[in-house]
Amino acid sequence: MSINHHVVVLGAGYAGMMSALRLSRRMRHRGDVHITLVNPSPRFTERLRLHQLAAGHTLYDLRIEHLVDGTGIEFICGTATVIDTEIRQVRVETLGRVRVLDYDTLVYALGGITEVNAVPGADQHAYPLDTVRQAATVARRLADLPADAAVTVCGGGLTGVETAAEIAEAHPGLRVSLISNGEPAAALSPAARAHVYDRFDRLGVRVRRGMVTKVLPDAVELSAGETTDLLSSDLTLWTTGVRAHALAAESGIGTDAAGLIVTDPSLRARTHPDIYAAGDAAAIRQNWGQVHATAQSAVPSGAHVADSIARQLNGKEPKPFRFGYRYRAVSLGRGDGVVGFVRADGAPRRRVLTGESGVRYKELVSARPPRVFAHTTGLFGLLRPTGATKGGRATRKPAGGR
């Protein structure tokens, strides 16, 4: 049977990988659908673990070509630079040459990247943790620092908290500080936050409140109210602020103010029904509000995109995406962790796991996506992704106007 429908998936992160693998599984009985997966790196990036790599731990080298082996998916290691939505083509730069890919359906799953341009000097003197290469660079820098050097983590979100704890545990001689403009780990319940602070005390992590106004080669300028302090920093990490890739907006695909593709209930782009968006690239709304960027939501959104495309190709209408959160899992080094269970909208519940229980649960959810990818190609590949939830009553009906 000749190929008459080309699906191009941009991005092989949690959402894009899931979408490509699940669609290949759903189309296994047909020979007229070809799937091409495009990603700048040949390695699948476990973003849930980059703080571990930055602290000096070793991660598995998960090669994308091995993850898609035997699925019929064509993998191209390259960077998408242009999307021509009129003639439905994608320009990809790879290994010093350009390839032009035709598509009938496009899956846009280019995840967000850390915003380092909002504060002077952050792009020059601070290290984000978006890629394996960046995390490995931080690990080398940490290994070269003197025992009592100052390390500053800018950003009090969960990524910042994990990074500060991981580095402090792995390098106990370093003076690790976490700068947060608000309450660190604010998304957690009071009981879970109390455990984070206790762990910080035991690790010697110092929390500083205020806004970073400038990053220097060896210091961080911190504004707290009417005072401004200059904090010495031999190594500065930047974990605050996320921005979307500009490619969608540049290509004329409808985006919101943050650059995320505005989708309909089935995760199709509102302005281009032949384009689907998943994961961090999509502005996905539920009855309870907008889905935020996590692997917990990226994997099921990628699976839903695959299901929607498969339904279309089989002459059926796609179904609305329904999703609700279940937990927030935070590692606090290799020896501790905290898990706060949440409602569908992410609001904290009272139940909390800490210590060894928190470590085991966090490891379970961090290891889950690669295992789900492996299962997707096998007998159980059409089951709902492990751990995914439709959110119960909170997501039963599509949001108004969608």
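Checking each residue in the stretch 214-263 for being small (Gly, Ala, Ser), surrounded by 22 or more Cβ atoms within 10 Å (Cβ to Cβ) and under 30 Å from residue 275 (Cα atoms) picks out 244, 248.
A quick yes/no check of all residues on (1) polar (S, T, N, Q); (2) open to solvent by 40 Å² or more (accessible area, probe 1.4 Å); (3) under 20 Å from residue 17 (Cα atoms):
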position: 56; (1), (2), (3): no, yes, no
position: 63; (1), (2), (3): no, yes, yes
position: 68; (1), (2), (3): no, no, yes
position: 74; (1), (2), (3): no, yes, yes
position: 78; (1), (2), (3): no, no, yes
position: 87; (1), (2), (3): no, yes, no
position: 98; (1), (2), (3): no, yes, no
position: 103; (1), (2), (3): no, no, yes
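Looking across the stretch 300-329 at every residue that is assigned to a helix (DSSP H, G or I) and open to solvent by less than 10 Å² (accessible area, probe 1.4 Å), the one that is farthest from residue 258 (Cα to Cα) is identified as 310.
Checking each residue in the stretch 151-202 for being hydroxyl-bearing (Ser, Thr, Tyr) and under 24 Å from residue 234 (Cα atoms) picks out 152, 159, 163, 177, 180, 197. Residue pairs whose Cβ atoms lie under 7 Å apart, sitting 6 or more positions apart in sequence or on different chains, and linking a residue in the stretch 138-165 that is free of Cβ contacts under 8 Å to residues at least 60 places away in the same chain to a partner that is outside any helix (DSSP H, G or I) and among the hydrophobic types (A, V, I, L, M, F, W, C), are 164/153; 164/176; 164/178; 164/205. Filter the stretch 134-153 down to the residues that are over 16 Å from the mean Cα position of the chain (by Cα) and in a helix (DSSP H, G or I) and list them by number. Selection gives 136, 137, 138, 139, 140, 141, 142, 143, 144. In the stretch 248-266, the residues that are farther than 23 Å from residue 89 by Cβ reach residues that are in a loop (DSSP other than H, G, I, E, B) and basic (Lys, Arg) with C-beta atoms within less than 7 angstrom, at least six apart or across chains, in these pairs: 264/270; 264/402; 265/402; 266/319.
Within the stretch 121-146, the residues that satisfy the criterion of being hydrophobic (A, V, I, L, M, F, W, C) and farther than 16 Å from residue 166 by Cβ are 122, 126.
Can you tell me which residues in the stretch 37-79 are part of a helix (DSSP H, G or I) and within 18 Å of the chain's Cα centre (by Cα)?
47, 48, 49, 50, 51, 52, 53, 54, 64 - these are the residues of the stretch 37-79 that are part of a helix (DSSP H, G or I) and within 18 Å of the chain's Cα centre (by Cα).
Taking the criterion of being out of contact with any Phe, Trp or Tyr (no Cβ under 9 Å at 6 or more places or on another chain) and either closer than 29 Å to residue 20 by Cβ or assigned to a strand (DSSP E or B) (or both), the residues of the stretch 105-133 that qualify are 110, 112, 113, 130, 131, 132, 133. For the stretch 356-402, taking the residues that are of a type in the set (S, T, N, Q), closer than 25 Å to residue 69 by Cα and modelled with pLDDT under 75, the one that is surrounded by the most Cβ atoms within 10 Å (Cβ to Cβ) is identified as 376. What are the residues in the stretch 330-348 that are modelled with pLDDT of 95 or more, open to solvent by less than 20 Å² (accessible area, probe 1.4 Å) and of a type outside the set (S, T, N, Q), if any? Hits for the stretch 330-348 are 330, 332, 333, 336, 337, 338, 339, 340, 342.
The values are calculated or read from the model by the stated rules, or taken from the named source; none is laboratory data. All figures in this text were calculated on a predicted structure; none of them were measured in a lab. All Cβ positions, glycine included, derive from the backbone under ideal geometry; neighbour counts span all protein chains shown. Ligands, DNA and RNA are excluded from the accessible area calculation, which covers all protein heavy atoms including side chains. Shrake-Rupley method; radii C 1.70, N 1.55, O 1.52, S 1.80 Å.
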